[in-house]
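Below: one structure, written as structure tokens.
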Amino acid sequence: MTSGVAALWSHRNSLRILVKRDLAVKYQQSVLGYFWSLIEPLGMGAIYWFVFGVLYSRDTGRHLGDAAESYPLFLITGIFAWMWTSSALSEATNALTGQSRLITTMNVPRQVFPIGRVTGRFAEYAAGLPILIAVALVYAAHGRVELGWSLLALPLAVAVQGTLLIGLALLLSAFNVLMRDVERFMRLIIRVLFYATPIIYPLSLVRESDLPGWLKVGYELNPLVGIFQLHHSVWYPDEFPDARLLATTVVGSLLVLAAGWWSFRRLEPAVLKEL
Amino acid sequence: MADPIIEADGLGIRFVRNRRRQLRLRELFIHRGGRNAPAGQFWPLRDVSFQINAGETVGVIGRNGTGKSTLLRLIAGVLIPDEGSIQVRGDVAPLLELSAGFSNDLSGRENLHLVGGLHGLSAGYLKRHFDEIVSFAGEQVERAIDTSVRHYSSGMKVRLGFAIISHLPHPILLMDEVTAVGDAEFRKKCYATIDRLLGEGRTLVLVSHNEKDLTRFCRRGLYLDAGRLTLDGTIAEALDAYHAAVPR
């Protein structure tokens, strides 16, 4: 594994080139260009705000606690991070199949391709951060959120999320070469994950619900739960995951990364023949 | 004497026809199960051992489908062998496919930076030598450098690909039927460039059906038959073996 990591590091320039290429291709024929990476999550946020912040405002307000006064901020915090997750996963799935030409003629560590997709989508997420911070500052100016040490949860959230996404990207991209079904399947999975993660609703709503205990435990095994709690805790320190949830998330993400790396190495010979 | 620059030992790779039928997760993870091999497996290349020293020029000869291109891909590191090992001590400049890995959506300029960069050329180097590379690729490519590669003819693609590859400083050159699609003028340029690169002491492994190319550039010949290395000698011997197998 260490030699693989070293090879990857020595090809970080290739990674940069691929990410730049991906972004160039993505935005070259659209007028609004990179603003699309903002418009989409903001639009989604507006929809959920309309449904849960306006129509069901009484129910929503009761469960949000700290965030009741600033639900839009709560929403877009989650949705910006979710866009990174969902687009990284769906694009990483065909990272190898879609670039087979390059992969079969170029001797670079193949891990570069799925990791490049995750990095590219992270760049979009990072580009949206100023908007998020601007919204938070507006709420802070009105005294509805307080900015403090909790801001440090952001780098932690990003690091854990990056770990998890890279692991999943390696796993999915390799499997998709051998079974193209993965691509179709992922669309459903991503939709399920969106609702199975506290993005538009607070975790407390699940914890206090009437779901059977085993289901609640299963729910919190999803590393994304802790990651999104971390994201929310940037503005709402009360949401910071407890020790058990944090441990589950960090360990779970590292395990996924290890599993992804291992199976990528294992599947690589078969994948290369198949491309 | 220094270690050979390319060293293959008992090299073999197995492909599976009709993989869909026998795709099982267990088989994916457990290689070389050893139990009776499922039907449909075949070895495009097996038990191939050879050593190539720095500065040698090697032609790989064989009929269609005898594993020549597979061998080049193994040397280039874009396939991983199932058996044996291959060691390559040095960077490889491969021109395996006519398209050289270009993405159709991008312009010639972007592809040049992409492919050149992935092959390890620095952005600064590419910028400095951009005009030189493009003018080597010819007037046609020069005019179309900002249109997407989708609209290039195969001749234009191979010219641009060759122009990039020939600028790589890597000591090992791999070429698969490069001169097959170029016109006479481009071929002349190709020859001059390959001569220059060989003059610098690079190692060449060439796959071709063109005997003139083979005898011109290669001194050593590997003759492959049905995935086995049956003859390793001078290029003339290898060509003789090839002619013996293929009635003219």
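Rule-based calculations on the coordinates, nothing more; no lab input. Predicted model, so just to flag it, every value in this text is computed and none were measured. So basically every Cβ, Gly included, is an ideal-geometry build from the backbone, and we count neighbours across all protein chains shown.
Structure notes:
- The relative contact order of chain B, computed from alpha carbon pairs under 8 Å that lie at least 6 residues apart in sequence, is 27 percent.
- Taking the Cα centre of region B:123-248 as reference, the dipole from Cβ charges on Lys and Arg (+1) and Asp and Glu (-1) amounts to some 160 debye.
- When Rg and the Kirkwood Rh are both derived from Cα coordinates, the Rg/Rh ratio for region A:133-275 amounts to 1.06.
- Region A:159-255: relative contact order in percent, alpha carbon pairs under 8 Å with at least 6 residues between: 36 percent
- One decimal place: the segment A:Ala7-A:Tyr34 gains 6.6 nm when fully extended, by the rule 0.36 nm per residue minus the C-alpha distance.
- Beyond 20 Å, the tail of the calculated P(r) for region A:40-101 holds 42 percent of the Cα pairs.
- Overall form of the protein assembly as shown per C-alpha gyration tensor (a/c, 1.5; a/b vs b/c): prolate
- Value of relative contact order over chain A, rounded to a whole percent, pairs C-alpha under 8 Å and six or more apart: 25 percent
- Its Cα centre serving as origin, region A:223-275 has a Cβ charge dipole (Lys and Arg +1, Asp and Glu -1) of approximately 320 debye.
- In summary, the helical segments of chain A meeting the span-like criteria, namely a full DSSP H run, a Cα extent along the axis of 30 angstrom or more and a mean Kyte-Doolittle hydropathy of at least 0.0, are A:71-93, A:112-141, A:153-178, A:243-274.
- Taken over region A:145-198, the percentage of Cα pairs per 5 Å bin, counting from 0 up to the bin with the maximum distance, is 4, 15, 15, 21, 16, 11, 7, 5, 3, 1.
- Rg/Rh, computed from the Cα trace of chain B with Rh as the Kirkwood radius, has the value 1.00.
- For a modelled paramagnetic label at B:His151, 7 Å from Cα along Cα-to-Cβ, the residues of region B:94-125 in reach, with backbone nitrogen under 18 Å, are B:103-112.
- Peptide A:96-106 shows a mean partner chain C-beta count of 5 within 10 Å per residue C-beta.
- Take each residue of peptide B:75-81, count the partner chain Cβ atoms within 10 Å of its Cβ, and average: the result is 5.
- Alpha carbon centroid spacing (whole Å) that separates region B:81-142 from region A:157-224: 39 Å
- P(r) weight above 16 Å for region A:1-47, C-alpha pairs, percent: 60 percent
- When you work out D = kT/(6 pi eta Rh) for region A:1-138 at 10 °C and 1.306 mPa s, using the Kirkwood radius from C-alpha pairs as Rh and the Stokes-Einstein form, the result is 93 µm²/s.
- Rounded if a/c under 1.5, otherwise prolate or oblate - chain A, Cα gyration tensor axes: prolate
- Three-way shape call for region B:103-216 based on the alpha-carbon gyration tensor, with the a/c threshold at 1.5: oblate
- For chain A, calculated [θ]222 nm from helices alone, where every DSSP H run of n ≥ 4 adds -39500 (n - 2.57): -24500 deg cm²/dmol
- Other protein chain C-beta atoms within 10 Å of residue C-beta, averaged over B:116-122: 5.
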